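A.B. asks: First the structure, then my questions, so here it is.
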There are 2 protein chains.
Amino acid sequence: MKPHAPAPPVVETDPVRIRELVVAARRAGRRVGFVPTMGALHAGHASLVERAAAECDDVVVSIFVNPKQFGPREDLDRYPRTLAADVALVGGKGARWVFAPEASTAYPAGHATSVVVAAPAADFEGAVRPGHFSGVATVVCWLFQVVPADVAYFGAKDWQQTVVVRRMVADLAIPIDVEVCPTIREPDGLAMSSRNAYLSPDERRRAVALHEGLQAAAARWREGAEIAVVEEAIRAALMARDIAVDYARVVDPDTLLAPGPGTAAVALVAGRLGATRLLDNILLPPRV
Amino acid sequence: MKPHAPAPPVVETDPVRIRELVVAARRAGRRVGFVPTMGALHAGHASLVERAAAECDDVVVSIFVNPKQFGPREDLDRYPRTLAADVALVGGKGARWVFAPEASTAYPAGHATSVVVAAPAADFEGAVRPGHFSGVATVVCWLFQVVPADVAYFGAKDWQQTVVVRRMVADLAIPIDVEVCPTIREPDGLAMSSRNAYLSPDERRRAVALHEGLQAAAARWREGAEIAVVEEAIRAALMARDIAVDYARVVDPDTLLAPGPGTAAVALVAGRLGATRLLDNILLPPRV
């Protein structure tokens, strides 16, 4: 199939129209990939678009700063909005369409429906940010109806989000594959995030502690240390750089519950630098 | 298009398989209609299947007694199950496929996702049956992913359910049309319901009071009576037959809030005869 995607991509704001385009492409036998984003795109998003373009005939990128996944005291108003640069970036990576709806399109007057994912959304980010994952699940469910692609790509950096999305897709039988792609990092190891832009130069230097802590945790894990010791390695790294620890936990990658013996695990960390929260994680392979 | 549907219909229990059949039919240009039911089918359901068969090339009927829409003290265990008769009935009306999943298929281990519709689900049945409409919305969302038909048919008898489903379909942009079809009645006017089977002969005679009350309400409405008077006509009819009134209200047909001046309305009634709850409603045309 292909060729496709003349740069620049076509920007659509109408959900009916983007759905028609995706359905027509699939009817023509084209494989369609979808990268949902909140804009403020960085190299992590770019890698998702590249992966989608490599695996699919057409790529849709959605750019929508979803108000429902921000709490009342969170950073909705100051969240970076860089639409023109975002469109140029994804065009360069092979996106054919950008879907950029208005909030009033996603949530018209009288909107009353929420998608709620219980267990895997309850702890960690769900505990710190009440309502966040309901906002995520609701908008992703909506996006998957409007952009009925073959496959959607999410970054591993927001690990719990990928668990919540996969749980919702399975439970509601939404006909889309979900691919989780590796976290992209700055040269010093800091995970790419739109919120890194909030960091002062000093905070930016200290932020590497999340990556350092996870590397130390992986070393303890390989040595066969107990989970409490692995978790403590993360905490120690954050505290050494004066970062407040929201959580530092080793859990099952799919359920986010205590890992079974001999199974893989994921180490999840969230820390606060001033007003900015940063997340990161690392997969820990099975050990006997 | 057509002809189709050799009787008896094919019974599928696998969501992947029924989805393939529906997608293939639509790809072949066939219009697919869907009638979701909990089985225990009666003439009301039959009318939905007939309507679907008249308007579509292929008809899917789902039969699934959804445990999530029953409360802990409700009638899940004694809800009538009559699969063989149901399949024969819908086959005679033109259904091509029956989708009859197991509960463990709809809700596998680890299932954690709910679809919640706030405002229109809060009052009336939602107030009497906490969690009921979340169970309905969740299973209907799942069914609409598994059976991606052109159009789904619901009976007007469960008016609030039709409002909740339409709200969910609009809010999540689920690509299916929802048709609401007229209530089918017994000769004395009692609305067809699977739960009518619970009524004793004496309760069955008294049950006509719901229809009588709604007819009286429609007469008061036509005369220009105030809403409180219209509602009182319904209550009086139920009380005259010794039926406990759960609610008797005149509301906006789409929002279930107070109707505006000069708009259409719907009168909703729910009453209890012994352990059995019965619902009914009547649309009231605009009046100046």
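A.B. asks: Considering only residues that are buried (at least 18 other Cβ atoms within 10 Å of the Cβ), within 10 Å of chain A (Cβ to nearest Cβ), touching a strand residue (DSSP E or B) at 6+ places or on another chain (Cβ under 9 Å) and not basic (K, R), which ones fall in the range B:165-183?
C.D. replies: Those that are buried (at least 18 other Cβ atoms within 10 Å of the Cβ), within 10 Å of chain A (Cβ to nearest Cβ), touching a strand residue (DSSP E or B) at 6+ places or on another chain (Cβ under 9 Å) and not basic (K, R): B:M168, B:V169, B:D171, B:L172, B:I176.
A.B. asks: Got at least one residue in the range B:88-103 being within 29 Å of B:T255 (Cβ to Cβ), within 14 Å of chain A (Cβ to nearest Cβ) and small (G, A, S)?
C.D. replies: no
A.B. asks: Within the range A:104-128, how many residues are in contact with an Asp or Glu (Cβ under 7 Å, 6 or more places away or on another chain) and more than 7 Å from chain B (Cβ to nearest Cβ)?
C.D. replies: 1
A.B. asks: Go through (1) surrounded by fewer than 16 Cβ atoms within 10 Å (Cβ to Cβ); (2) within 14 Å of chain B (Cβ to nearest Cβ); (3) over 17 Å from A:V16 (Cα atoms) one by one and return the number of the condition A:S134 breaks.
C.D. replies: Result: A:S134 passes all but (1).
A.B. asks: Might you check whether a residue that is more than 27 Å from B:A127 (Cβ to Cβ), hydrophobic (A, V, I, L, M, F, W, C), surrounded by 19 or more Cβ atoms within 10 Å (Cβ to Cβ) and in contact with a strand residue (DSSP E or B) (Cβ under 8 Å, 6 or more places away or on another chain) occurs anywhere in the range B:65-86?
C.D. replies: Within the range B:65-86, not a single residue is more than 27 Å from B:A127 (Cβ to Cβ), hydrophobic (A, V, I, L, M, F, W, C), surrounded by 19 or more Cβ atoms within 10 Å (Cβ to Cβ) and in contact with a strand residue (DSSP E or B) (Cβ under 8 Å, 6 or more places away or on another chain).
A.B. asks: Report, ordered by the first and then the second residue, all pairs with beta carbons closer than 6 Å, sequence separation of six or more or different chains, a first member in the range A:144-159 that is in contact (Cβ under 8 Å) with a residue 40 or more places away in the chain, and a second member that is of a type in the set (D, E, K, R) and assigned to a strand (DSSP E or B).
C.D. replies: That search, which allows pairs on different chains as well, returns A:V151/A:D177; A:V151/A:E179; A:Y153/A:E179.
A.B. asks: Going by the conditions given, is B:P80 of a type outside the set (D, E), modelled with pLDDT under 95 and either closer than 27 Å to A:W142 by Cα or not assigned by TED's automatic domain parsing to the domain that holds B:R167 (or both)?
C.D. replies: no
A.B. asks: Out of the residues in the range A:140-154 that are surrounded by fewer than 23 Cβ atoms within 10 Å (Cβ to Cβ) and more than 9 Å from chain B (Cβ to nearest Cβ), state the one that is nearest to the chain's Cα centre (by Cα).
C.D. replies: Once the filter is applied, the top-ranked residue is A:F154.
A.B. asks: Quick one: which strands (runs of 3 or more DSSP E) sit completely within the range A:98-192 and have at least 3 residues that are modelled with pLDDT of 95 or more and in contact with a Cys (Cβ under 8 Å, 6 or more places away or on another chain)?
C.D. replies: The strands (runs of 3 or more DSSP E) meeting that bar are A:151-155.
A.B. asks: A further question follows. Scan the range B:27-46 and tell me whether some residue there is without any contact (Cβ under 8 Å) to a residue 12 or more places away in the chain and over 29 Å from B:R195 (Cα atoms).
C.D. replies: Yes: the range B:27-46 contains one or more residues that are without any contact (Cβ under 8 Å) to a residue 12 or more places away in the chain and over 29 Å from B:R195 (Cα atoms).
A.B. asks: Report, by residue number, each residue of the range A:193-203 that is more than 19 Å from A:T82 (Cβ to Cβ) and either assigned by TED's automatic domain parsing to the domain that holds A:D77 or in a helix (DSSP H, G or I) (or both).
C.D. replies: Of everything in the range A:193-203, those that are more than 19 Å from A:T82 (Cβ to Cβ) and either assigned by TED's automatic domain parsing to the domain that holds A:D77 or in a helix (DSSP H, G or I) (or both) turn out to be A:P201, A:D202, A:E203.
A.B. asks: Please verify whether A:T82 is more than 14 Å from chain B (Cβ to nearest Cβ), of a type in the set (S, T, Y) and within 22 Å of A:V180 (Cβ to Cβ), treating the condition exactly as stated.
C.D. replies: The answer is no for A:T82.
A.B. asks: Can you name every residue in the range A:245-288 that is closer than 24 Å to A:M168 by Cα, of a type outside the set (S, T, Y) and in contact with a Pro (Cβ under 7 Å, 6 or more places away or on another chain)?
C.D. replies: Listed by number, the residues that qualify are A:V250, A:V251, A:D252, A:L256, A:A264, A:A265, A:V266, A:L283.
The values are calculated or read from the model by the stated rules, or taken from the named source; none is laboratory data. This is a predicted model, so every value here is computed, not measured. Note: ideal-geometry Cβ built from the backbone for every residue, glycine included; neighbour counts use all protein chains shown.
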